[in-house]
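Worksheet: the structure to be examined is printed underneath.
The values are calculated or read from the model by the stated rules, or taken from the named source; none is laboratory data. Being a predicted model, the structure only gives us computed values, none of them experimental. So basically every Cβ, Gly included, is an ideal-geometry build from the backbone, and we count neighbours across all protein chains shown.
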Amino acid sequence: MNRLSVRLVLSHLFVALAGAVTTYLVVRALAPALFDASLRGNPNAGPGRMGGGGGPGANQALREQFAIAVDQALLIGALVGVVAAAVLGAVLAARVIRPLRTMRGATRQMARGRYDVPIELPRETELAELASDVNTLGSALSETESRRVRLLGEVAHELRTPLTVIDGYVEGMIDGVLPTTPDGLMHVSEEVRRLRRLGDDLSALSKAEEGRIPMSPVALDLRDVVAAAGERLRPQAVDAGIALGIDPGPEPLRVEVDPDHIAQVVTNLVGNALRATDAGGRVTITCARAGTDAVTAVADTGVGLDPGDLERVFERFYRAPGRRPGAGDTGSGIGLTIARGIVEAHGGAITATSPGRGLGATFTVRLPLATGA
């Protein structure tokens, strides 16, 4: 009974039934009186003429008077019924529209930047679900705004550190405190590269979210790209005391992808796994065929993920707890967001699984195999 569709149907039936009952009652009450009044006003159709004693003309006149009386009663009953139906329909419609107006006001407040506008759940199931979705939207927008503000602070911090180093070295060289040597200039160059890396990440994030990542797909064996990207991070794994295993599998995986972007995805996933794993742990990269897809999995024995983090780790600026920052890490939490955008631009999908906190995690990338592969 609380479903809006049922309530609307029942309300229409109730309005129609009310109109019909009203019309019937009015006609039932007025028709005899109107008929009697008609007879009294027509001497040719009086009571003494009924029963056929007045001939065919009298009977015809009687029928005409009866029809006129019924028509008048029906007209009055119909008018009263329409008025009653309109009043009842307006009352019932107002009860449905009221919560919609409340939600409309809340959405306008959200459009102005106020996301903490809770909506009371109405009794109707559909409207309650809609109100709940609007409340969820408000909470999500509020959280996104908080992450955005936090990102600005983090980006400002990341910019401040290399800029301070660059400013210190350059000022020291100008004042003659520091010698202008290749070693000193190398420090400046490292900080400049750090700034460029941060700018590239933010630019890649923007392109990924807008679906305008430039692609240059070529036919290749996915195993070669994955193995090469993994090997580039082996020195980082060795420095962290983490074993890095790469198993590309025996079967060729022919795909049509942009090799640079797919290498970036693998680099982001492996770098994320290394930051999540303590010394003595292990990160494993595997490739395999699964139906019409080429599957690449990056598994680690690190801090793991809570069930609620399995999807949130792909949200921009979100960083799951327990990660240890790596060298050169921007700390903005956008690597996995960029990775998902790249994979989806190739028509694939990326997911995360984990048995729980402290039990490691696995990130799986599925890409469609080339036609005929």
Would you tally the residues in segment 88-125 being among the aromatic types (Phe, Trp, Tyr) and under 30 Å from ALA18 (Cα atoms)?
0
Positions within segment 169-220 being touching a residue at least 60 places away in the same chain (Cβ under 8 Å) and outside any helix (DSSP H, G or I), in sequence order
GLY211, ILE213, MET215, PRO217, ALA219
Restricting segment 221-238 to residues that are touching a residue at least 12 places away in the same chain (Cβ under 8 Å) and among the hydrophobic types (A, V, I, L, M, F, W, C), which is surrounded by the most Cβ atoms within 10 Å (Cβ to Cβ)?
VAL226
Taking segment 211-239 on its own, how many of its residues are of a type in the set (Gly, Ala, Ser) and modelled with pLDDT under 90?
2
Of all residues in segment 171-196 being farther than 30 Å from ALA339 by Cα and acidic (Asp, Glu), the one that is surrounded by the most Cβ atoms within 10 Å (Cβ to Cβ):
GLU171
Evaluate the following for ALA208: is it modelled with pLDDT under 80, loosely packed, with under 15 Cβ neighbours inside 10 Å and aliphatic (A, V, I, L, M)?
no
When residues of segment 128-168 are limited to those that are in contact (Cβ under 8 Å) with a residue 40 or more places away in the chain and in contact with a Ser or Thr (Cβ under 9 Å, 6 or more places away or on another chain), the one farthest from SER11 (Cα to Cα)
GLU158
Can you pull out the residues in segment 108-127 that are assigned to a helix (DSSP H, G or I), free of Cβ contacts under 8 Å to residues at least 60 places away in the same chain and surrounded by 15 or more Cβ atoms within 10 Å (Cβ to Cβ)?
MET110
Where the second residue is in a strand (DSSP E or B) and hydroxyl-bearing (Ser, Thr, Tyr) and the first is touching a residue at least 24 places away in the same chain (Cβ under 8 Å) and not assigned by TED's automatic domain parsing to the domain that holds ALA361 and lies in segment 265-288, which pairs have Cβ atoms under 6 Å and are six or more apart or on separate chains?
none
Being of a type in the set (Gly, Ala, Ser), surrounded by 13 or more Cβ atoms within 10 Å (Cβ to Cβ) and either within 29 Å of the chain's Cα centre (by Cα) or in the same structural domain as THR351 (by TED's automatic domain parsing) (or both) is true for just one of GLY245, GLY168, GLY199, GLY241. Which residue is that?
GLY199
